[in-house]
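Only one structure is covered here, and it is reproduced in the block below.
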Amino acid sequence: MRILVIGAGGVGAAFAAIAARRDFYDALVVADYDLERAEAAASIDARFSAARVDASSADSVVALCREHDITHVMNAVDPRFVMPIFDGALEAGADYLDMAMSLSAPHPTAPYSECGVKLGDEQFAKAGAWADAGRLALVGIGVEPGLSDVFARYAADHDFAEIDELGTRDGANLSVEGYDFAPSFSIWTTIEECLNPPVIWERDGDGPGRWFTTPAFSEPEVFDFPEGIGPVECVNVEHEEVLLMPRWVDCKRATFKYGLGDEFIEVLKVLHKLGLDRTEKVTVGGVEVSPRDVVAACLPHPAELGPRMTGKTCAGLWVTGTGKDGAPRSTYYYQVIDNEWSMAEYGHQCVVWQTAVNPVVALELVSRRVWTGVGVLGPEAFDAVPFLDLLTEYGAPWGKREMDRA
């Protein structure tokens, strides 16, 4: 296995740091538009090398794959670059993984009730080409999406006879010293998923089910997160889990809610009101710039926040329905990562590390041929047990908490 990691920022660098401790591959190339950043991420292991890549160009991806005899492409950059990397990997004859899927576009006339282009639609439209080529595109294999999707498969196979709702619930108690506002993940991606109309999936009775949208930040609820994080208000956010889980796991409803907090939501609303969330370029003093790129440039880079950050982050899935014993069941499957641990052990802040570990685990399972398949597949399409066992071996154990049905 020869891996190409595109993106040497926070998640890409953390991916390399985690992979450096494993031996399931022959070589790993870290590529970025900033060659110095790629070289820094690649400098930790003799099996690693660095290269420059234009992630917006499928041809650039193809050329790099062929130059280094790449067998697997790992996409670790913003979702706006998904399709060039996705298409380039296929043309080069490589398998592909990502942690965020192709972008959505709101419905032109009813954005807060009907879906337009959904997350991942562009990729699933090409599933036949991937299957015909005998290649695998494993999409949505970060932490969210990713780990929660694995939990969905586990719950359906081992704990539940019938599932009412697959509800991804993420929250944290993180704080960053010296900053009033410092997102722990890419602000570009955060703006995209938080201000787009959230998607929900529902099936009424024996019908086929459907996806629909709601206003941003809808259906607030307080969720009590484990291991000392405590109660956090969560709201609906657009996310890939809702678009992935119902394709492979039988359920009546699928949702994604994120614990953003009042201040974070207010900042996002102000950005939207001022048009600073826009990606279309505007001209300022004769220079064309994207307002969202300016916002991102004005904020600290998430990967650099680790030394100032304290607290824990939790990713998980709340499943309700009927257990294998025929009784009502409500279970939260989760993973909590403490920033103090991830910084001490790997030198990467907890949100970035928790995102990066899952594709490394998945690639190891693919290399062993424990996970096999062709076409465009989500994590739900594979056996969850080997993944969760290996994740624990990596030092990132998961937990399960029974919830009050009331």
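Which whole-Hz ³J(HN,Hα) couplings does the range 355-365 yield from phi under the Karplus relation 6.51 cos²θ - 1.76 cosθ + 1.60, θ = phi - 60°, glycine and proline marked x?
Whole-Hz 3J(HN,Hα) from phi for the range 355-365: 6, 6, 5, 5, x, 5, 4, 4, 5, 5, 5.
Expressed as a rounded percentage, what relative contact order does the chain have, with Cα pairs under 8 Å and six or more residues apart? Please list the in-between numbers first.
Working: 908 pairs, mean separation 79.2, N = 406.
Result for the chain is 20 percent.
Pull up all non-local amide H partners of Glu162: gap of 5 or more, or a different chain, and H-to-H distance under 5 Å with H placed in the peptide plane.
Answer set, sorted by chain and number: Thr322.
Short version: ³J(HN,Hα) in whole Hz for each residue of the range 274-291, in order, from phi by Karplus 6.51 cos²θ - 1.76 cosθ + 1.60 (θ = phi - 60°), x for Gly and Pro, what are they?
For the range 274-291, the Karplus-derived couplings read 8, x, 7, 8, 5, 9, 5, 6, 10, 9, 10, x, x, 10, 8, 9, 8, x Hz, x marking Gly and Pro.
Are there any GluC sites (Glu not before Pro) in the range 89-184 that are in a DSSP loop and have at most 10 other Cβ atoms within 10 Å? List them by number. Show your work: numbers first, answer last.
Details: sites: Glu91, Glu114, Glu122, Glu162, Glu165, Glu177; in loops: Glu114, Glu177.
Taking the range 89-184 and a limit of 10 other Cβ atoms within 10 Å, the loop GluC sites (Glu not before Pro) found are Glu177.
Counting Lys and Arg as +1 and Asp and Glu as -1, what is the net charge of the other residues whose Cβ lies under 11 Å from the Cβ of Gly167?
On the way: positive: Arg169, Arg253, Lys257; negative: Asp164, Glu165, Asp170, Glu219, Glu221, Glu241.
Around Gly167, the charge tally is -3.
So how do Lys273, Lys281, Lys118, Lys126 rank on accessible area, 1.4 Å probe, biggest first, that is with the largest at the start? Numbers along the way, then the final one.
Working: Lys273 170, Lys281 135, Lys118 40, Lys126 75 Å².
Sorted by accessible area, descending: Lys273, Lys281, Lys126, Lys118.
Excluding ligands and nucleic acids, what accessible area in Å² is computed for His72 using a 1.4 Å probe, to the nearest 10?
Approximately 20 Å² of His72 is accessible to the 1.4 Å probe.
Counting only the heavy atoms of the protein chains, how much of Tyr154 is accessible to a 1.4 Å probe, in Å² to the nearest 10?
The accessible area comes out at roughly 40 Å².
So, counting K/R as plus one and D/E as minus one, what does the shell of residues with Cβ under 13 Å around Cys65 add up to?
On the way: positive: Arg2, Arg66, Arg135; negative: Asp59, Glu67, Asp69, Asp87, Glu91, Asp95.
Spelling it out: positives minus negatives among the neighbours equals -3.
At 7 Å along the Cα-to-beta-carbon direction for both Glu67 and Leu274, put a label point, then send me their distance in nm to one decimal.
Calculated label separation equals 4.0 nm.
Explain nothing, just the number: relative contact order of the range 69-143, from Cα pairs under 8 Å at least 6 residues apart, as a whole percent.
Values: 108 pairs, mean separation 25.5, N = 75.
Over the range 69-143, the number comes to 34 percent.
Please report the relative contact order for the range 29-106, taking Cα pairs under 8 Å with a sequence separation of at least 6, and give it as a percent rounded to a whole number. Before the final figure, lay out the partial values.
Numbers: 121 pairs, mean separation 19.7, N = 78.
Once divided by the residue count of the range 29-106, the mean separation gives 25 percent.
Quick one: net charge of Ala13's neighbours, Cβ under 10 Å, K/R +1, D/E -1?
Working: positive: Arg37; negative: Asp32.
My count for the surroundings of Ala13 gives 0.
Taking percent of Cα pairs over 31 Å apart straight from the coordinates, which label in (i) 55; (ii) 39; (iii) 34 is the correct one?
(iii)
How big is D for the range 301-383, in µm² s⁻¹ as a whole number, if Stokes-Einstein is applied with the Kirkwood radius of its Cα pairs at 4 °C and 1.567 mPa s?
Values: Rh = 15.5 Å.
Here the translational diffusion coefficient equals 84 µm²/s.
Tell me, what is the per residue accessible area of the chain in Å², probe radius 1.4 Å?
Values: 16300 Å² over 406 residues.
In whole numbers, the chain has 40 Å² accessible per residue.
So how far, in whole Å, is the C-alpha centre of the range 6-70 from the one of the range 220-241?
Comparing the Cα centres of the range 6-70 and the range 220-241, I get a distance of 34 Å.
The values are calculated or read from the model by the stated rules, or taken from the named source; none is laboratory data. The structure displayed is predicted, hence computed values, not measured ones. Every residue, glycine as well, gets a Cβ built from its backbone with ideal geometry; the counts of neighbours run over all protein chains shown. What goes into the accessible areas is simple: the full protein's heavy atoms, side chains included, and nothing from ligands, DNA or RNA. Shrake-Rupley method; radii C 1.70, N 1.55, O 1.52, S 1.80 Å.
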